[in-house]
Amino acid sequence: MKKLKAPLYEALIRFRRNDPVSFHVPGHKNGAVWGDVVNNTFRELLSIDVTELDGLDDLHSPTGVIAEAQSLTAKFYKVKSSYFLVNGTTVGNLAMILATFNPGDRVIVQRNSHKSIMNALFLAKVKPVFVAPIYDSDIEGYSGVSFANIKKAIEKYPDCKGIVITNPNYYGLSVKLTSMIEYAHKYKISVLVDEAHGAHFSLGNPFPTSAILQGADIVVHSAHKTLPAMTMGSYLHFNSKLINEDKIKFFLSALQSSSPSYPIMASLDLARYYLEELSEVGYQNIISNHLEFISQLHEIPQLKIVESKMKESVTDPLKVIIQAKSKTSGYDLKKILEIVDIHPELADSRNVLLVLPLAELKNREIIIKKIRMAVSNLPIGEVGKEKLTVTYDPISEVNLTYEEMERYPKRIVNLKESIGRIVADDIIPYPPGIPLLMRGEIIKQSHINIITNLIKQGATFQGNEYTIQNKLTVFQL
Ligand SMILES: Cc1ncc(COP(=O)(O)O)c(C=O)c1O
């Protein structure tokens, strides 16, 4: 590795080396207050948990090492500016939407977005138009949105001010965005991308292409998801000619703590250094190592490795989706692996998702042995449960403003009675965890047919306990 260049991290370590006496916050005084009461690992962590001290700069008005670290990040990602976030992509999504849109603006939004996007739409009081994602039959789940549907939405709502995309999805499936972004920019429509799971995409092939290189105005990355950064560490990258950057600065400052965590910020500085280093020395050995791991998984008779064959999508090689070759659900398979201390990222009714490190996998043989042992008693070849099917309206809008939704009382009605009324809560069948109805949308006969079928098949509905009793909450207008 070439000489480490991470100005914020280095300043923090230099500061720590001098055994500083703390007459400042935080109250643990570099961990000293705890003495031997807490274990060394925790006390060591506290020793770099400092505040805006001389030489350590200020996230909200950076002129020193934080400014330098952020500008190295912007240079690496090839954007106008990068901002360090200490409250994850959640705060990046909130800030980018609040900064870009005014109340009442029409905004096209991918339906399977994270709740931080949905909360931001509500706080910004915009008028969302939801666009359904593409179904991927190999992974039995939804991926990104198609350019064709976004184009249709723009044609239907030519007054729209922006598009909010989530790409890749949790499973690493990524769709091409270039044509969509070029088309939107022709009409001065800005494109904001939640690329939480793709902070490493800027490395290039074989990783999917980052939305930054495809021309997006703002891209938010959870550095902590795939880079070696601490939990809550994210980046917001600004690269727009359409959006006022001062508004981004204002909202980041308004929404984030005035006492941001130095360990998190230093880990963001280091994560950028790590990527820069990989892009210079190459990462082919990491990819080869992962391919060998995957081929070893293929050899386990009880497991199936699921790969998307959709021409529209590219899969992130850090994501591996496995299924049991039996009716064992993804949830059960995950539990079986946890017994041998193999901890996957998540599970759904069919799949278990493994997130591989952006490094060679240590102890690969031992890991494979443990997985083999864990699944050895699973049957092979029994047919799984019939898949729950949910279809979404390709394009749909809400029929009340968020202000109106706050004003009108709610009422519980039977499914049949609800047709033609406006739903008052998001109806989220699980799986797949994507809202079938978003609050403010009109309930149609087709929705009721789907809900009735799902209830018969044993689906659950997140946060809406009335649905399985054949009831929905509606606004009383
Ligand atoms: C697509 C997506 N966006 C945003 C977030 C929120 O990210 P963070 O945990 O960094 O706040 C997540 C978290 O899982 C996510 O999956």
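The values are calculated or read from the model by the stated rules, or taken from the named source; none is laboratory data. Because the structure is predicted, anything quoted here is derived from the model rather than measured. Positions of Cβ are generated from backbone atoms using ideal geometry, with glycine treated the same way; all protein chains shown enter the neighbour counts. With ligands, DNA and RNA removed, areas are computed over all heavy atoms of the protein, side chains included. Shrake-Rupley method; radii C 1.70, N 1.55, O 1.52, S 1.80 Å.
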Considering only residues that are of a type in the set (A, V, I, L, M, F, W, C), surrounded by 24 or more Cβ atoms within 10 Å (Cβ to Cβ) and more than 23 Å from V126 (Cβ to Cβ), which ones fall in the stretch 164-178? L173
From L123, L94, grab the single residue that is at pLDDT 95 or above and surrounded by fewer than 21 Cβ atoms within 10 Å (Cβ to Cβ). L123
Determine, yes or no, whether Y77 is under 24 Å from K5 (Cβ atoms), among the hydroxyl-bearing types (S, T, Y), buried (at least 18 other Cβ atoms within 10 Å of the Cβ) and away from the ligand (no atom under 16 Å from the Cβ). yes
A careful count of residues in the stretch 303-347 that are closer than 27 Å to K362 by Cα, in contact with a helix residue (DSSP H, G or I) (Cβ under 8 Å, 6 or more places away or on another chain) and open to solvent by less than 30 Å² (accessible area, probe 1.4 Å) gives 14
Complete set of residues in the stretch 197-211 that are within 16 Å of the ligand (Cβ to nearest atom) and either part of a strand (DSSP E or B) or open to solvent by 10 Å² or more (accessible area, probe 1.4 Å) (or both): H197
Residues of the stretch 265-310 being charged (D, E, K, R) and in contact (Cβ under 8 Å) with a residue 24 or more places away in the chain, which ones? D269, R272, E276, E277, E280, E292, E307, K309
Out of all the residues in the stretch 213-225, is one or more away from the ligand (no atom under 15 Å from the Cβ), in contact with a Phe, Trp or Tyr (Cβ under 7 Å, 6 or more places away or on another chain) and either open to solvent by 10 Å² or more (accessible area, probe 1.4 Å) or under 19 Å from I150 (Cβ atoms) (or both)? no
Applying the selection to the stretch 87-111, what residues are under 21 Å from T178 (Cβ atoms) and within 12 Å of the ligand (Cβ to nearest atom)? M96, Q110
Check whether at least one residue in the stretch 126-139 is under 20 Å from K156 (Cβ atoms) and of a type in the set (F, W, Y), and report yes or no. yes
For the stretch 229-258 the number of residues that are open to solvent by less than 80 Å² (accessible area, probe 1.4 Å), among the hydrophobic types (A, V, I, L, M, F, W, C) and away from the ligand (no atom under 14 Å from the Cβ) is 6
Subset of the stretch 120-177, residues among the acidic types (D, E) and closer than 23 Å to M96 by Cβ, comes to D159
Quick one: in the stretch 138-157, which of the residues that are under 19 Å from L436 (Cβ atoms) and more than 16 Å from the ligand (Cβ to nearest atom) is modelled with the lowest pLDDT? E140
When the stretch 418-477 is checked residue by residue, the ones that are part of a loop (DSSP other than H, G, I, E, B), out of contact with any helix residue (DSSP H, G or I) (no Cβ under 7 Å at 6 or more places or on another chain) and of a type in the set (K, R) are R421, K444
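Yes/no matrix, rows are residues, columns are (1) out of contact with any Phe, Trp or Tyr (no Cβ under 9 Å at 6 or more places or on another chain); (2) open to solvent by 20 Å² or more (accessible area, probe 1.4 Å); (3) farther than 23 Å from Y157 by Cβ; (4) modelled with pLDDT under 95:
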position	(1), (2), (3), (4)
P429	no, no, yes, yes
L437	yes, no, no, yes
S446	yes, yes, no, yes
N449	yes, yes, yes, yes
